[in-house]
Every structure is written in structure tokens, then in C-alpha cells.
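A.B. asks: Got a structure for you, questions after.
The values are calculated or read from the model by the stated rules, or taken from the named source; none is laboratory data. This is a predicted model, so every value here is computed, not measured. Counting neighbours? That spans all protein chains shown, and the Cβs are built from the backbone with ideal geometry, glycine included. Please note that ligands, DNA and RNA were not included when accessible areas were found on the heavy atoms of the full protein model with its side chains. Shrake-Rupley method; radii C 1.70, N 1.55, O 1.52, S 1.80 Å.
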Amino acid sequence: MPDDKKMPDAVSSSAKTRDQYESYPYPARDPDDEDKRLITGSPGNWDEVVHFVFGGRDPSAKGKIRILVAGGGTGDALVMLAQQARDRKAKAEIVYIDLSESSRAIAEARIKRRNLEKNVTFVTGSFVDLAVEHGPFDYIDCCGVLHHLPDPDAGLRALSDALKPSGGMGLMVYGELGRTGVYHMQEMMERMNAEAGGARRLNFGKALFNSLPGTNWLKRNPFVGDHVHGGDAGFYDLLLHQQDRAYRVDEVFDFTEQAGLRLQNFVEPMRYDPTTYCSRHDVLDRAVHVPFRARAALAELMAGNITKHTFYVVKAKNKVKPPMPSEDAIPFFTRVDGPALARSVAKTGNIKITFTGLAVTRTMPAASPAILSRIDGKRSIGEIYKMFDPKPEKYEFNAQFAVMYSVLSAANIMYLHLPEKK
Ligand SMILES: C[S@@+](CC[C@H](N)C(=O)[O-])C[C@H]1O[C@@H](n2cnc3c(N)ncnc32)[C@H](O)[C@@H]1O
């Protein structure tokens, strides 16, 4: 029996969520734009999934993979994954599930525009009830959805049940600290018994927002902007949602573990590392010699700008790890132009990375420009070494590669592919 039938509260919360996304499909997208650009991002970018979920070995190279996009909305992750699968000539079967018919209509139009409909199945309903029926899946993408469920824990357990033992998920849930002010706005709406939904709620919300003084936390928070840049759908989604919660790092770990899952890492990993924010040894001495969970929780408090937690999980028993540099690992760039990065590092000796308003500079090892300029996504680390003339000592090259890779992978700029096992 669907959860909704057992829990009257859940019925009204799910109905409000569905009504919101029927009126304001999110994010606002125009299928005509598919001719101009492909939207890519985290979670779900296939290279990132292979890195975090499959230990650097792409399962789609070997056979058919099954993907679920749970709460697929207007289709960003669906379109990205379907297009990336086609570009790789991978056999992928993708299932999209969403409560909202109008969001689905936009996602379907985007998929048709790219002629990708052959391997995509569209389902209207709740993935909490339907995921297992359509599974099992190698990869599940659930971005910006679980925090809108009446019972997010049950929602994640339902997804976990639909996952193959070797599979994994890319998830995004809201971050509490970076969204300071958002819940003040939602509380004001609640206290004033604001309109229940639709355009009346939107108009009231806008009137309230526009009347707030400059001292209000939302007005002072530069890290959230959907209400300013995301149109009516963005304003509604950020500030007027009636079923919405946010997580601190410790809660993300608990959330993951109660569903029988293991958190592989956050994206970008660097944001969850206290050394990104502080260089004082006396402080770091107490911050870094603690388990991953405690380090990440401290980093969140230090940073203050984490508005959402994007992270990858696998089954608790699955011991897979992201790949580490080795002779036959093949490095490749994501999200950056490699030759341009090589030139910039050659000029400055540094790399500057910006995360939601915070710029972080890292010194790069001396051999970085020479290594970066030889990375083409095909050569292994061993082959790159052989191209050097004169050759540095092997241990020196490996040490420099390792330092460079630790910076770039933590910033989500470079990953490694591993060759297929023979
Ligand atoms: C904020 S949107 C995110 C859309 C998309 N994942 C993205 O990141 O662009 C949330 C979506 O989740 C859907 N949703 C919420 N609860 C759901 C459920 N139980 N089953 C299926 N879809 C759900 C909503 O209809 C909405 O389209």
C-alpha cells in the first residue's frame, strides 16, 4: 500500500508538493534551448559517477546499465545522463519518475528535442512506491528531492532497496547553514497563515520579501539567489515550499546510514576539509586528526556557505573506493579546459578555485604544467612519464603527480579512469 494511504499528514504534504510542481515546474526550462547547450552538473555527471560509485571503471563499457532519475523534475539530470550515454555509445536504460505531470511534459519535450527518447521510460507517481518495481538500478540520481518528502528516511530506504549491490546514488539535499534566512521566511509565511498555494501564495510571499529590512538574514545571505535569478519557480521553490527541510553534515551521515548506505564523498571534497579554510597548525592539529565525518562537520561550520550537500553513496557492504594514481590509471579533466589550466599554472605556480563566494589558492608542484599539458584523457600516468625528456626520477614524478592530483580531484577538476580488468 502506498505510504500516503497510511498517513493522512503525508497525503496533504505530498499533495502540496505535487501541486507546487504542477504550477511551477522546477527548474524553469525551455525545450528549445536544447539546440543551444547541454546543462551538466553534479550529481550525475557520468565521469563523476564512475569515479565515486564505480571506482574508476565504467560499467557501461561492459554491458547495459540501468539508471533511475528519481524526482526528475524538468529533466536536467535525465537529459544530461541520456546525452552522455549516447555520446559514449553506452547501452543505458533510463527510468524517470516524478509526481508532477507538467514537469514531466517539459522533461519529455527536452528528450524528444534531442532524439533521445528510445531508451527513456517516463513514469508519473511517487518513487517511494515505484522505484523497486522498476529496479534494480546501477545508478540512481535524486537531486533536490528527498528533503521535500514527508518522510525522507523512508524515501532514501526505498531508493536503497531499488539499487543493485554494486550500484550507487548521487544525491543532493539542502544544507542548513548556507540557507540561513530561508527558513525564517518560511516560518514567517507559516505564522501569518499565508495563502496555501498557487499565484496568491507567490504574490503574498513576494510582498513579504520586498518589505523585509536589510538586516533580515535572508537579505544578508549572499549564498542563495534562486529567489532573485530563478523566476517565479525559483522564488517559490526557495522560499515558499511547504515541505522542505535542510541537513547538517552529521545528519547527512545518519540519513545515509539508516538506509544501509555508505557515504563515499561529498562534491566538491575540498569544501568538506578544514584545511581548505584554515592554515594555522595549532588549530588544524585539533581539526584533522579525527574521522572523516567529524572533519566534514567542522568544515561545514567553518565555511558557512554550504547551501546544499551533493554526495555519492554506495551500499554499506560495498567496499569500492575512488581510484588513486597508479602506473596504468588514465587522468582526465572535468569541467575545465586542460591546456588553459596548464598555461595558467605555468604562469602563476598556483591554481585558484572559487566555491560559492570563497576563493581558495593552492600552490602546485613544479612539474604540474608539464604534466597537465600531456593529459589527453587517453594516456596513462606511466605513458605521461615516458614522454618526459629528460626524465625526472620516477619517485619524484610520482610524488608531484600525487600532490597535483590531490588538489585537482578535491576540487572536482580531474579524475582517473582505470583500464578494464583482463
Ligand atoms: C526541486 S525539484 C528537483 C528536480 C530535479 N531533480 C532537478 O534537480 O532539477 C523536485 C522534484 O521532485 C518531485 N518529487 C517530489 N516528491 C516526489 C516523489 N515522492 N516522487 C517523485 N517525484 C517527487 C517534484 O515533483 C519535483 O519535480
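A.B. asks: Quick check, is D237 in a helix (DSSP H, G or I) and more than 21 Å from E190 (Cα to Cα)?
C.D. replies: In short, no.
A.B. asks: Considering each residue of segment 221-243, count those that are open to solvent by 20 Å² or more (accessible area, probe 1.4 Å), in contact with a Phe, Trp or Tyr (Cβ under 7 Å, 6 or more places away or on another chain) and in contact (Cβ under 8 Å) with a residue 24 or more places away in the chain, and give that number.
C.D. replies: 1
A.B. asks: Just checking, which of K321, K317, K347, K352 is open to solvent by 20 Å² or more (accessible area, probe 1.4 Å) and within 19 Å of the chain's Cα centre (by Cα)?
C.D. replies: That would be K321, the only listed residue that is open to solvent by 20 Å² or more (accessible area, probe 1.4 Å) and within 19 Å of the chain's Cα centre (by Cα).
A.B. asks: Answer yes if at least one residue in segment 24-45 is aliphatic (A, V, I, L, M), farther than 23 Å from P165 by Cα and free of Cβ contacts under 8 Å to residues at least 40 places away in the same chain, and no otherwise.
C.D. replies: Checked against the condition, which is being aliphatic (A, V, I, L, M), farther than 23 Å from P165 by Cα and free of Cβ contacts under 8 Å to residues at least 40 places away in the same chain, segment 24-45 yields no hits at all.
A.B. asks: Condition test on A70, is it at pLDDT below 95, open to solvent by less than 20 Å² (accessible area, probe 1.4 Å), within 14 Å of the ligand (Cβ to nearest atom) and farther than 22 Å from A199 by Cβ?
C.D. replies: Taking the combined requirement at face value, the residue does not satisfy it.
A.B. asks: If F52 satisfies every condition in (1) surrounded by 23 or more Cβ atoms within 10 Å (Cβ to Cβ); (2) over 25 Å from D19 (Cβ atoms); (3) in contact with a helix residue (DSSP H, G or I) (Cβ under 6 Å, 6 or more places away or on another chain) but one, which is the exception?
C.D. replies: Of (1) surrounded by 23 or more Cβ atoms within 10 Å (Cβ to Cβ); (2) over 25 Å from D19 (Cβ atoms); (3) in contact with a helix residue (DSSP H, G or I) (Cβ under 6 Å, 6 or more places away or on another chain), only one is false for F52: (3).
A.B. asks: Right, next: Just the residues that are open to solvent by 10 Å² or more (accessible area, probe 1.4 Å) and assigned to a loop (DSSP other than H, G, I, E, B), please, taken from segment 389-422.
C.D. replies: Across segment 389-422, the qualifying residues are D389, P390, K391, P392, E393, I413, L418, P419, E420, K421, K422.
A.B. asks: Which of the residues that make up segment 85-122 are open to solvent by 20 Å² or more (accessible area, probe 1.4 Å), in a helix (DSSP H, G or I) and away from the ligand (no atom under 16 Å from the Cβ)?
C.D. replies: Hits for segment 85-122 are R86, D87, K112, R113, E117, K118, N119.
A.B. asks: Next up: Going by what's in this entry, would F209 be described as open to solvent by 10 Å² or more (accessible area, probe 1.4 Å) and closer than 19 Å to K308 by Cβ?
C.D. replies: no
A.B. asks: Here's a follow-up. Within segment 169-207, how many residues are more than 16 Å from the ligand (Cβ to nearest atom), basic (K, R) and within 30 Å of the chain's Cα centre (by Cα)?
C.D. replies: 2
A.B. asks: Only one of G125, G144 is of a type in the set (G, A, S), in contact (Cβ under 8 Å) with a residue 40 or more places away in the chain, under 30 Å from A246 (Cβ atoms) and within 12 Å of the ligand (Cβ to nearest atom). Can you tell me which?
C.D. replies: Checking each option against the conditions leaves just G144.
A.B. asks: A further question follows. Looking at V314, V320, which is the one that is at pLDDT 95 or above and in a strand (DSSP E or B)?
C.D. replies: Step by step, each of V314, V320 is checked, and only V314 is at pLDDT 95 or above and in a strand (DSSP E or B).
A.B. asks: Please indicate, with yes or no, whether at least one residue in segment 152-164 is at negative phi, surrounded by fewer than 16 Cβ atoms within 10 Å (Cβ to Cβ) and outside any helix (DSSP H, G or I).
C.D. replies: no
A.B. asks: Can you pull out every residue in segment 288-302 that is within 17 Å of L358 (Cβ to Cβ) and open to solvent by less than 90 Å² (accessible area, probe 1.4 Å)?
C.D. replies: Of everything in segment 288-302, those that are within 17 Å of L358 (Cβ to Cβ) and open to solvent by less than 90 Å² (accessible area, probe 1.4 Å) turn out to be A296, L298, A299, E300, M302.
A.B. asks: Output the number of the condition that P339 fails; it satisfies all remaining conditions of (1) touching a residue at least 24 places away in the same chain (Cβ under 8 Å); (2) more than 17 Å from M414 (Cα to Cα).
C.D. replies: Of everything listed in (1) touching a residue at least 24 places away in the same chain (Cβ under 8 Å); (2) more than 17 Å from M414 (Cα to Cα), P339 misses just condition (2).
A.B. asks: What are the pairs with Cβ atoms under 6 angstrom where one residue, in segment 285-306, is closer than 21 Å to V224 by Cβ and the other, located anywhere, is loosely packed, with under 13 Cβ neighbours inside 10 Å? Sequence gap at least six, or different chains.
C.D. replies: Short answer, once both residue conditions are applied: N305/G357.
A.B. asks: With respect to T356, is the statement that it is polar (S, T, N, Q) and either touching a helix residue (DSSP H, G or I) at 6+ places or on another chain (Cβ under 6 Å) or in contact (Cβ under 8 Å) with a residue 12 or more places away in the chain (or both) true?
C.D. replies: yes
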